[in-house]
Amino acid sequence: MRKKFSFDDLVEIMKKLRSPDGCPWDREQTHESLVPYLIEETYEVVDAIAKGNWENLKEELGDLLLQVVFHSQIASERGKFTIDDVIDGICGKLIFRHPHVFGDRSDIKTSEDVLEKWEEFKEKEGKKRKSLLDGIPESLPALDYALKLQKRAAKVGFDWKDFEGIKEKLLEEIREIEESYRKEDKRKIEEEVGDLLFMVVNLARKLNVNPEMALRKANKKFVDRFSYIEEKAKEKRESLKEMSLEEMEKLWQEAKQKEQK
């Protein structure tokens, strides 16, 4: 039985792949060319978590870790930083931002306390922002970006007081979409739909629901139920195009009932 590979082994393997006698594809890669893979691996980790697949999660975390090591190796070759610098940086940051664990800050006792003091710690690191909204990556998925914007604004009280206020605003946005639709104003329709989605994120946040994860689960539910309709259509040797909406709706409700058993 062979010994398990270590993190150091991974670093050395990456160095070998990038060396003159390594892999042509790996040698050609740059930070920019690897971005799609980094994003893809991140979403595959999220997918494994959502499905509760531990074996797959283990594998996908390895693929994501490879991306960190890959980028660090490229940076090392350019004389910018090494994987050791990356590890040193994150360890130092964790210790500094958790003085209640590694220091003597006894005033931080709850998760809320931690979040409240987080910006204070960042400022001490020299990361003071010109705007409260600075530092949120615009490349985030739109739902996540909206959520982070809203959370930042809420820190200074720019927030809806309760559920009822958000509900009224949602109804207002729907009325504005309807008005734009009747006027056949495509630009305004897009704008108002965006406003509606932003308010839905607000609603999710107020209910302590992560909108990205909620939508992912809704997507999966749709796939499962629609697949059931396709399966039943095949059993009946019918084409979905030949099925009436009423027939498909009946099968949709059947699929829904099966989920509840």
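The values are calculated or read from the model by the stated rules, or taken from the named source; none is laboratory data. Computed from a predicted structure; not experimentally measured. Counting neighbours? That spans all protein chains shown, and the Cβs are built from the backbone with ideal geometry, glycine included. The area values use the complete protein model at the heavy-atom level, side chains included, leaving out ligands, DNA and RNA. Shrake-Rupley method; radii C 1.70, N 1.55, O 1.52, S 1.80 Å.
Structure notes:
- Qualifying residue in the stretch 167-181 (condition: of a type in the set (Lys, Arg), buried (at least 16 other Cβ atoms within 10 Å of the Cβ) and assigned to a helix (DSSP H, G or I)): yes
- Criterion: in contact with an Asp or Glu (Cβ under 6 Å, 6 or more places away or on another chain) and modelled with pLDDT of 95 or more - qualifying residue of Ile189, Ile177: Ile177
Matching residues to (1) without any contact (Cβ under 8 Å) to a residue 40 or more places away in the chain; (2) within 30 Å of Lys51 (Cβ to Cβ); (3) not aliphatic (A, V, I, L, M):
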site	(1), (2), (3)
Asp144	no, yes, yes
Phe158	yes, no, yes
Lys169	yes, no, yes
Lys186	yes, no, yes
Ile189	yes, no, no
Asn208	yes, yes, yes
Pro211	no, yes, yes
Arg216	no, yes, yes
Arg225	yes, yes, yes
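- Taken as a whole, the structure places Ser76 among residues that are of a type in the set (Ser, Thr, Tyr), surrounded by 14 or more Cβ atoms within 10 Å (Cβ to Cβ) and out of contact with any helix residue (DSSP H, G or I) (no Cβ under 6 Å at 6 or more places or on another chain).
- Taking the stretch 94-117 as the range and being assigned to a helix (DSSP H, G or I), open to solvent by 70 Å² or more (accessible area, probe 1.4 Å) and of a type outside the set (S, T, N, Q) as the test, the residues that pass are Leu94, Ile95, Phe96, Val101, Phe102, Glu112, Leu115, Glu116.
- Unique match (being among the hydrophobic types (A, V, I, L, M, F, W, C), surrounded by fewer than 16 Cβ atoms within 10 Å (Cβ to Cβ) and modelled with pLDDT of 90 or more) among Leu203, Leu245: Leu245
- Of all the residues in the stretch 227-242, those that are open to solvent by 70 Å² or more (accessible area, probe 1.4 Å) and either touching a Lys or Arg at 6+ places or on another chain (Cβ under 7 Å) or in a helix (DSSP H, G or I) (or both) number 6.
- In the stretch 182-189 there is at least one residue matching the filter, namely being surrounded by 11 or more Cβ atoms within 10 Å (Cβ to Cβ) and assigned to a loop (DSSP other than H, G, I, E, B).
- Across the stretch 135-161, the number of residues qualifying as among the aromatic types (Phe, Trp, Tyr) and either open to solvent by less than 80 Å² (accessible area, probe 1.4 Å) or not in a loop (DSSP other than H, G, I, E, B) (or both) comes to 1.
- Of residues in the stretch 1-22 being open to solvent by 40 Å² or more (accessible area, probe 1.4 Å) and in a loop (DSSP other than H, G, I, E, B), the one nearest to Val86 (Cα to Cα): Ser6
- Scanning the stretch 134-190 for residues that are among the acidic types (Asp, Glu) and closer than 30 Å to Pro36 by Cβ turns up Asp134, Glu138, Asp144, Glu190.
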